[in-house]
Every structure is written in C-alpha cells, then in structure tokens.
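Below: the structure, in structure tokens.
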Amino acid sequence: MRNYKYILSIETSCDDTAVAVLKDKSILSNVIYSQSAHKLYQGVVPELAARDHQKKILPTINHALELAKIKINQVHAIAYTVGPGLIGSLLVGSSVAKSLALSLKIPLIEVHHMQAHLLVHFIKGVHQKEPTFPFLGITISGGHTQIAIIKDVFTFQEIGTTLDDAIGECFDKCGTLMGLDYPSGHLIDQLSQNGNADRFQFPIPFTPEFNLSYSGLKTAFKNFVLQRVSEDKNFIENNKVDLCASIQRVIIEHLIQKIKRAVDKTGLRQMVFGGGVSCNRFLYEQCKNLSELGEYTLYFPPKQFTTDNAAMIGIAGYFKLQNGQIGNLNTTPKPKLELAHS
Ligand code: KG4
Ligand code: ZN
C-alpha cells in the first residue's frame, strides 16, 4: 500500500500564478508564471491580475503535472492559498482548487500565505538541519512585514508588524521615484553594491515595541530627492548608487533593530526569514554580524523560495493533511487574514 501523498498546490494571492506538485515533503515540480503587465503601472493592478490568473491557471497546472510526471488522478489532495491577498486573484485559485477537489473527490486544504512563506524551510533538501520550534519568524515582502513567534507548524503568534507600508513596498516606491523598474527591491540591492551607504542620511523610523513603519521614511526620501532634483535635474542619475545604498541601509537597519529587540525579549535564538525581501544581501550581511546577540542561528530560504511560489503552499498543505486539517468547499478566500489562522 502506498504511504506517500502527492499534493497539488495553487498560489494566486497576488501577481504570480504558481502551481507545484509535492510528494510528501519533496518537490516534484514548482512552476511560476509571473505577470508582467503590472510593470507599466509600477504596481499590481488587481483587475489585471485576476484576469491573467484566469488565463494562466489551467496551463500552469498542466505544466506542473507534466514536470512532476504524474496524472491529475494520482493527486491525493489540493492545497490552495485562502488568504491574505487580492480578492480577485484569490478567487481564481480557490475556485479552481475547489473544482478539482470536488471532481476528483480528494481533500481540499486551505493555506495561509504568510505561514507558508516560513514553512518553505521544511521542504526536503532546503536545509541540512531544519529550524526547531519555537523560533522567531520574520516575514518581509511587498505586502507584509511581520515578526512572529512560531510555536509549532500551526501556531504563529504575531508580535510585531508594520503600522503602515510594508518593507518591500518601501523598496518599490523609492525605486520607482528613482526611475527603476517595478518591483525594484532587487535592483536597489544590486545598485547598492557600488554605492556609499553613509552618503545620505535619513531618520530611522521610531516605533513602539516590535512594530515597524515605512511610510514616513518613504516620504522623507521622496521629499529629499525632489528637493535635490529641483536644484539639479541630473541629481538622481548622478547619485543613484549612493541613493540606493543609503535608503537600503535605513530600511534594513530599522528591521534589524526590531529583530534584535525580539531576540532580546523572547530569548529565541533562531531567526527564520521568508518573503521576497529576505534575499536582500545587505540584510544578510547585517544579520551575520550581530555579535552583541551572542550565539544565534539564521535561516534564509534559497532564492527561488523567497518570492511567491506554490511549493510553500504545498509544504503547508502537507502538514495540514498530516494533521487532518481538511478545508471546506464553503470557505471564501480572505483578503485579510490574521496570522493566527491555521
Ligand atoms: O514575497 P513577494 O514575492 O511578494 C509578496 O508577497 O509581496 O515579495 C516581493 C517583494 C517586492 O517588494 C520586491 O521589491 C521585494 O520583495 N524584493 C526585494 C529583493 N528581491 C525582491 N527587496 C529587497 N532586496 C531584494 N533583493
Ligand atoms: Zn508573498
């Protein structure tokens, strides 16, 4: 009798149509179709995203099955992102997931997008030694900035979040102001390599406890740049690498301050990262040098698992299936979803 499970997972919370096939905790395929229409608008246009998901979801499922070398009727369960995310985008993935589960008569599993970002660390082969519970989870992306205590696979306690803009949004808005393509986080990261991070000074946001704030910093950067452009129209072009390095330093320093505080106050010494911003090189370098914290362990996901993907939904689905947490055909996707939901 077979004792492994094939899980087909679907992620459509924002602008990536992603489908993966897992065999228990191992990835058989992981396909991502990233929408490009949004570049023109320097941000995700929800209506366009939903329409594009609708076009791509079935071909992406077929492609993932082909790469995994299995047929749809061999799948044991369907996992999908139930939230948080854009409602139109979530509806496409959830409708397809429900239809498949219903027609194949197999379990449907609801997955929280932000929990999944951290559970990638448990995919087979990602780390030689997995994080052990409890640990600090730091989820940093275009839509979220969260610090949480991860007590077990199903229990996430948020202790800090952004009070306004997400960290990735700050990267993207500052990048757009400098004329960089959207999303700009990786471009700022690259350009900063050749820049002087101390050349321009911006105030590190001041926020209570483990919370963060990026809206004021974004505005300070914008006001500074526009003022200097009014004096010299070539200011951005002539100073781009230093501007990138300087704003990146402050964005990351603000986060690092909060992480240090969280380590200090919780006593947890494993820092586990997830989300698109977690591949930032300056963040990595800074985290490696927190000598004042004594001994600690860092877990950064491999680059392909930092941004949105369906393998992370599959691994979360695997744990839920193991635990008998089966979803419901009547559940509607949730654009806003507390981290505690599991
Ligand atoms: O997790 P993700 O793919 O999507 C969301 O759920 O938001 O994260 C995308 C975000 C974007 O804001 C992008 O600019 C940022 O991650 N990002 C980076 C880097 N690579 C992607 N930010 C800073 N440095 C990077 N290397
Ligand atoms: Zn995400």
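In the stretch 313-326, the residues that are part of a loop (DSSP other than H, G, I, E, B) form Cβ pairs under 9 Å with partners that are among the aliphatic types (A, V, I, L, M) and open to solvent by less than 30 Å² (accessible area, probe 1.4 Å), at six or more places apart or across chains, as follows: N323/V153; Q325/I109; I326/A77; I326/L108; I326/I109. Taken over the stretch 183-204, the residue count meeting the criterion of being away from ligand 2 (no atom under 16 Å from the Cβ), under 28 Å from Y41 (Cα atoms) and crowded, with 16+ Cβ neighbours inside 10 Å is 8.
Residues that are more than 16 Å from ligand 1 (Cβ to nearest atom) and either within 18 Å of M271 (Cβ to Cβ) or buried (at least 20 other Cβ atoms within 10 Å of the Cβ) (or both) within the stretch 124-146 comprise V126, H127, Q128, K129, E130, P131, T132, F133, P134, F135, L136, listed in sequence order.
Say whether the condition of being open to solvent by 80 Å² or more (accessible area, probe 1.4 Å) and within 16 Å of ligand 1 (Cβ to nearest atom) is met by at least one residue in the stretch 252-274. Steps first, please.
Kept after step one, since they are open to solvent by 80 Å² or more (accessible area, probe 1.4 Å), are these residues of the stretch 252-274: 257, 261, 264-265, 269.
Filter once more, so that each one left must be within 16 Å of ligand 1 (Cβ to nearest atom): none.
No, there is no match, as no residue in the stretch 252-274 is open to solvent by 80 Å² or more (accessible area, probe 1.4 Å) and within 16 Å of ligand 1 (Cβ to nearest atom).
Can you pull out the strands (runs of 3 or more DSSP E) entirely within the stretch 92-161 that have at least 3 residues that are free of Cβ contacts under 8 Å to residues at least 24 places away in the same chain, among the polar types (S, T, N, Q) and within 30 Å of Q257 (Cα to Cα)?
Values: elements: 108-112, 135-140, 145-152, 155-161.
It comes to none.
Taking the criterion of being within 16 Å of ligand 1 (Cβ to nearest atom) and open to solvent by less than 10 Å² (accessible area, probe 1.4 Å), the residues of the stretch 157-173 that qualify are A166, I167, G168, C170, F171. Does V96 count as modelled with pLDDT under 95, within 24 Å of L337 (Cβ to Cβ) and either more than 16 Å from ligand 2 (Cβ to nearest atom) or open to solvent by 30 Å² or more (accessible area, probe 1.4 Å) (or both)? Against the criterion (modelled with pLDDT under 95, within 24 Å of L337 (Cβ to Cβ) and either more than 16 Å from ligand 2 (Cβ to nearest atom) or open to solvent by 30 Å² or more (accessible area, probe 1.4 Å) (or both)), V96 does not qualify. Among the residues making up the stretch 275-293, a single one is open to solvent by 50 Å² or more (accessible area, probe 1.4 Å), among the hydroxyl-bearing types (S, T, Y) and either more than 12 Å from ligand 1 (Cβ to nearest atom) or in contact (Cβ under 8 Å) with a residue 24 or more places away in the chain (or both): S291. Right, L86: in contact (Cβ under 8 Å) with a residue 40 or more places away in the chain and farther than 14 Å from K320 by Cα or not? So L86 passes the test. For the stretch 121-145, the tally of residues that are within 11 Å of ligand 2 (Cβ to nearest atom) and hydrophobic (A, V, I, L, M, F, W, C) stands at 1.
Whenever a residue of the stretch 248-263 is among the polar types (S, T, N, Q) and assigned to a helix (DSSP H, G or I), its partners that are within 13 Å of ligand 1 (Cβ to nearest atom) and open to solvent by 20 Å² or more (accessible area, probe 1.4 Å), lying with C-beta atoms within less than 8 angstrom and at least six residues away or across chains, give the pairs Q248/F282.
Within the stretch 318-340, is there a residue that is surrounded by 20 or more Cβ atoms within 10 Å (Cβ to Cβ) and near ligand 1 (Cβ under 10 Å from one of its atoms)? Looking through the stretch 318-340, none of the residues is surrounded by 20 or more Cβ atoms within 10 Å (Cβ to Cβ) and near ligand 1 (Cβ under 10 Å from one of its atoms).
The set of residues from the stretch 11-36 being of a type outside the set (V, I, T) and either more than 26 Å from Q128 (Cα to Cα) or within 12 Å of ligand 1 (Cβ to nearest atom) (or both) comprises E11, S13, C14, D15, D16, A18, Y33, S34, Q35, S36.
Criterion applied to T176, T207 was being of a type in the set (V, I, T), open to solvent by 10 Å² or more (accessible area, probe 1.4 Å) and in a loop (DSSP other than H, G, I, E, B), and the one residue passing it is T207.
Any residue in the stretch 233-241 that is within 11 Å of ligand 1 (Cβ to nearest atom) and open to solvent by less than 60 Å² (accessible area, probe 1.4 Å)? Give the steps one after another, and end with the answer.
Restricting attention to the stretch 233-241, the residues satisfying the condition of being within 11 Å of ligand 1 (Cβ to nearest atom) are none.
No, there is no match, as no residue in the stretch 233-241 is within 11 Å of ligand 1 (Cβ to nearest atom) and open to solvent by less than 60 Å² (accessible area, probe 1.4 Å).
The values are calculated or read from the model by the stated rules, or taken from the named source; none is laboratory data. Only a predicted model underlies this, so the values are computations on that prediction, with no experimental measurement involved. For neighbour counting, all protein chains shown are included, and Cβ atoms are generated from backbone atoms with ideal geometry for every residue, glycine included. Heavy atoms of the whole protein, side chains included, go into the accessibility calculation; ligands, DNA and RNA do not. Shrake-Rupley method; radii C 1.70, N 1.55, O 1.52, S 1.80 Å.
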